[in-house]
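Okay, structure first, notes after.
The values are calculated or read from the model by the stated rules, or taken from the named source; none is laboratory data. The shown structure was predicted, so the numbers you read here are calculated from the model rather than taken from an experiment. Here the Cβ is made from the backbone with ideal geometry for all residues, glycine too, and neighbour counts use every protein chain on show. Keep in mind that these areas ignore ligands, DNA and RNA; they rest on the heavy atoms of the full protein, side chains included. Shrake-Rupley method; radii C 1.70, N 1.55, O 1.52, S 1.80 Å.
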Amino acid sequence: MDNVKERASIWPLAKLVLILSAIAIITGGVLALINEVTKDTIAVQNEQKVQAALSMVLAADTYDAVNLENAQLDGIVTAAYIAKNGDTTLGTCVEVAPNGFGGPISMIVGVDLNGAITKVAIVNMAETSGIGTKTNDEKFLSQFSGHVEEITASTKTNIGENEISAITGATVSSKAVTSGVNAALKAVALLGGDANV
């Protein structure tokens, strides 16, 4: 009699577990299907964002990908491109993905032939809305233009020559973007502007 009561009390719980498991499996399958169907579209959109960022940081006719296979670069450097107008090299664009507060911040840094930053563009980020996302504001990003040496994100009121003003409340995000810019500067120095690395 006790066994029958035990089975009767276990059945509602087991039934609930089976139903929830079925829902989880179905939901996972639907999400996997949606991911499979949309992955090409997402890849195209990401490539369009990268192309737009390249032309924003260093306007050129073409961007020739640099072979980074044997280059000893910082791990956050994901790609590099030589910007050209015809046969004239204008500089290098470096794609980096430093880790911010919300994960990797995908960005492109333009560097001219004198080793100076032309501009910085953020491609994708998952930083806190209204705080960390302020690192994508022109007011913040424009601070990097013209720098040729390693930069520090500072919370001080009076910043030094190789410092930029960090965004209040978004120090982690500010430092992440700054580390990405520094990695790009180092990459250009190591690559020497040579597309045949």
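Quickly run through segment 80-107 and pick out the residues that are part of a strand (DSSP E or B) and open to solvent by less than 20 Å² (accessible area, probe 1.4 Å).
Passing the criteria: A80, I82, A83, G91, T92, C93, V94, V96, M107.
Mind telling me which of the residues A153, A126, A183, A187 ends up being out of contact with any Phe, Trp or Tyr (no Cβ under 8 Å at 6 or more places or on another chain), of a type in the set (A, V, I, L, M) and in a strand (DSSP E or B)?
Just a single option satisfies the conditions, and that option is A153.
Taking E69 as the residue in question, decide whether it is part of a loop (DSSP other than H, G, I, E, B), open to solvent by 70 Å² or more (accessible area, probe 1.4 Å) and out of contact with any Asp or Glu (no Cβ under 7 Å at 6 or more places or on another chain).
Working: part of a loop (DSSP other than H, G, I, E, B): yes; open to solvent by 70 Å² or more (accessible area, probe 1.4 Å): yes; out of contact with any Asp or Glu (no Cβ under 7 Å at 6 or more places or on another chain): yes.
Yes.
Please work out if A60 is in contact (Cβ under 8 Å) with a residue 12 or more places away in the chain and part of a loop (DSSP other than H, G, I, E, B).
For A60, the condition - in contact (Cβ under 8 Å) with a residue 12 or more places away in the chain and part of a loop (DSSP other than H, G, I, E, B) - is met.
Can you tell me which residue is farthest from the chain's Cα centre (by Cα) among those in segment 129-167 that are of a type in the set (A, V, I, L, M, F, W, C) and open to solvent by 40 Å² or more (accessible area, probe 1.4 Å)?
The qualifying residue farthest from the chain's Cα centre (by Cα) is I159.
Which one of the conditions (1) part of a loop (DSSP other than H, G, I, E, B); (2) among the charged types (D, E, K, R); (3) exposed (fewer than 13 other Cβ atoms within 10 Å of the Cβ) does E36 fail to meet, given that it meets all the rest?
For E36, the failing item is (1).
Quick one: what pairs do we get from segment 90-110, first residue among the aromatic types (F, W, Y), second open to solvent by 10 Å² or more (accessible area, probe 1.4 Å), C-beta under 7 Å, 6+ apart or different chains?
Listed by first residue and then by second, the contacts come to F101/E127; F101/T128; F101/V172.
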